[in-house]
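In what follows, a structure is listed as structure tokens, so that the remarks can point back to it.
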Amino acid sequence: MQRRTFLRVALALLGVAALGVVVGWLNRTELKLWVYEGGGRDRWQHPDEVMRALAISPGAQVADIGAGGGYFTLRFARAAGPTGRVFAVDIDAELLRRVAERAQSERLANVETILAKPDDPLLPSGGVDLIFLCNTYHHLDNRVEYFRRVRSSLRPGGRLAVVELRGEGWLAKIFPHATRRDVLQSELGSAGYRLEKQFDFLSRQHFLIFVPAD
């Protein structure tokens, strides 16, 4: 009996240790970067088409909220050029450090990282031409209030672009990391925006551009 108890305790401890290793591995920045940019993302994200649709001009001020490893941040920086500025916004300090390293290695001096709060991206007031989110919207809490706040960061004529995973089908019910289009429009309408343009070339995501309603 004692031997069986000992074996059970030992197996339980091994299980806890193994779980700790798995959790630690899942939290590694390298894995996060793979999630954001791996898995053949270019094939379904169509980043060149997204950039053409956004039509970022040299000198533009762009905020990439939920920048992750910089997948779009660095593209924005190249499009905005040396007279523009790109704010890489995230709540993960390690990912922002990687973005800064990548920008430095590519000699993109126009990238500024912002360690945001969960409820506030801490953007400069009235200084942004484009606020961009990709697969980030569903992570935000109190979204109506959040986007009411960020309106003050948009310059006259500024835009809010949302690329968001579609909340459709049985998979979305199991892994709710997505937002239905009607929810996007309703919430952003309540936050003071109107839909200006939409693009349908992304099979996995909505791609909507909003402007302040007033």
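The values are calculated or read from the model by the stated rules, or taken from the named source; none is laboratory data. These numbers come from a predicted model, not from an experiment. Virtual Cβ from ideal backbone geometry, glycine too; neighbours counted across all protein chains shown.
Listing for the model above:
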item: Tally of residues being in a helix (DSSP H, G or I) and either touching a strand residue (DSSP E or B) at 6+ places or on another chain (Cβ under 9 Å) or surrounded by 13 or more Cβ atoms within 10 Å (Cβ to Cβ) (or both) across segment 36-93; result: 20
item: Top-ranked residue of segment 157-214 - restricted to ones that are loosely packed, with under 14 Cβ neighbours inside 10 Å, among the polar types (S, T, N, Q) and in contact with a helix residue (DSSP H, G or I) (Cβ under 8 Å, 6 or more places away or on another chain), ranked as modelled with the highest pLDDT; result: 190
item: Output for segment 125-146, where each listed residue is within 23 Å of residue 51 (Cβ to Cβ), of a type outside the set (Gly, Ala, Ser) and over 10 Å from the mean Cα position of the chain (by Cα); result: 128, 129, 130, 131
item: Enumeration of residues in segment 122-153 that are under 18 Å from residue 76 (Cα atoms) and not aliphatic (A, V, I, L, M); result: 124, 127, 129, 132, 134, 135, 136, 153
item: Close pairs from segment 52-66: first more than 15 Å from residue 155 (Cα to Cα), partner in a strand (DSSP E or B), Cβ under 6 Å, at least 6 apart; result: 53/199; 64/88; 64/132; 65/89; 65/133; 66/133
item: Residue count, segment 93-109 (criterion: more than 19 Å from the chain's Cα centre (by Cα) and of a type outside the set (Lys, Arg)); result: 5
